[in-house]
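A short worksheet on the structure shown next.
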Amino acid sequence: MRRPRPLPPSLAFRAFSVNDARAAGVSRRRTRADDLAAPFHGVRTASQTPQSTAAFCAAYAARMSPDQFFSHGTAAELHQFPIRARGAQLLHVSVAEPAHPPQARGVKGHRLAEGTAVVTRNGLRLVSAEVAWCQLARELSHNELVVVGDFLVRRKRPLSSLAKLRAVVDALGAVRGVRAMRRALEDVRAGTDSPMETRVRLLLVAGGLPEPVIHFAVRDADGFFVATPDLAYVKERIAIEYEGEFHQTDRRVYAEDIARREALGRAGWLVILVISDHLSRPQFVVRRVATALRERAAL
């Protein structure tokens, strides 16, 4: 069997449209060869069918018209939201009114209000992080919305701010899901470091405990900085730390954690560790913290 003729360098390592191939001198027969995948009508890739959402989006972008952009759960994945939106197996592609939404295999088309905020991320056009967050309001739980909200206004490299989220929600008016967005915004906190940290905070509050302080800077009796625990009950001097797997598998991080806990102990603070298994037993976590609060209050 003859090997297919090599593709032009401009097409060899990316998704491309059949029209682009023809313009580059590639025959129609070559675009139908077995070494090319066809993830969408009129699109070819010079490798296996894409596996990730980002790869599928890059493939679909080869046939997108200039007025189309990714939205909803697809935009959430491209923004790397720390949840998996339902229906993510479809690519959500939108246009602004009055254009007609796209129709294609594996694609769910939407028509959004004119002026919807659109950004470019890694070469792909998609709705802004704030708009994507709002679009998830009807399919995510309250806690999931808060987790994503915290992620957007996180301490390092935030994608948004509380002010921007509020502005986008206020601009929506009385649309379906806006109440869920507003309720979630009341519980979103800026300056977090991880989704699991948010989940622990929400778990404690849901269990009837006071809301802990995020990243309180602990200092010793002489005023020297000691540590910044994930969550803290300052008056009782209780630090709550979420320990992910990398805390135990990364030797450097593990050693730093031990040193930080010892320093907090010397400063008179009690450290309570929470791991992923504990989150499936919320009452266990709540009882531990509630007991510590009572005992420390009596000191």
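The numbers here are math on the coordinates, done by the rules we state, and not lab data. Nothing here was measured: the structure is a model prediction, and the numbers come from that model. Here the Cβ positions follow ideal geometry from the backbone for every residue, glycine too, while neighbour counts run over all protein chains shown.
Summary table below
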quantity: Rounded Å value of the spacing that divides the Cα centres of the range 125-145 and the range 241-291; calculated: 31 Å
quantity: Set of lysines with alpha-carbon distance to Lys156 below 26 Å, sequence-local pairs under 8 removed; calculated: Lys164
quantity: MRE, 222 nm, helices only [DSSP H, n ≥ 4, -39500 (n - 2.57), over the chain, to nearest 500]; calculated: -11000 deg cm²/dmol
quantity: Whole-Å semi-axes of the ellipsoid equivalent to the range 18-63 (Cα gyration tensor, √5λ, descending); calculated: 19, 12, 7
quantity: Cα Rg over Rh - the chain, Kirkwood; calculated: 1.10
quantity: Amide H partners (placed H, <5 Å) of Leu112, local residues excluded; calculated: Val95, Ala96, Glu97
quantity: Long-range HN-HN contacts of Val226 with modeled amide H, under 5 Å; calculated: Val218, Arg219, Asp220
quantity: Protection proxy ranking, peptides 111-119, 76-84, average beta carbon neighbours within 10 Å, highest first; calculated: 76-84, 111-119
quantity: Per-peptide average of other Cβ atoms within 10 Å, ordering 226-237, 177-188, 4-15 highest first; calculated: 226-237, 177-188, 4-15
quantity: Convex hull volume per residue for the range 183-299, taking Cα atoms only, in Å³; calculated: 110 Å³
quantity: By average C-beta atoms within 10 angstrom, highest first, the peptides 268-279, 191-202; calculated: 191-202, 268-279
quantity: The range 16-162 - Debye-derived log10 I(q)/I(0), Cα point model, q = 0.11, 0.13, 0.21, 0.22 Å⁻¹; calculated: -0.46, -0.62, -1.28, -1.36
quantity: Euclidean distance between Cα centres, the range 1-65 to the range 178-196, Å; calculated: 41 Å
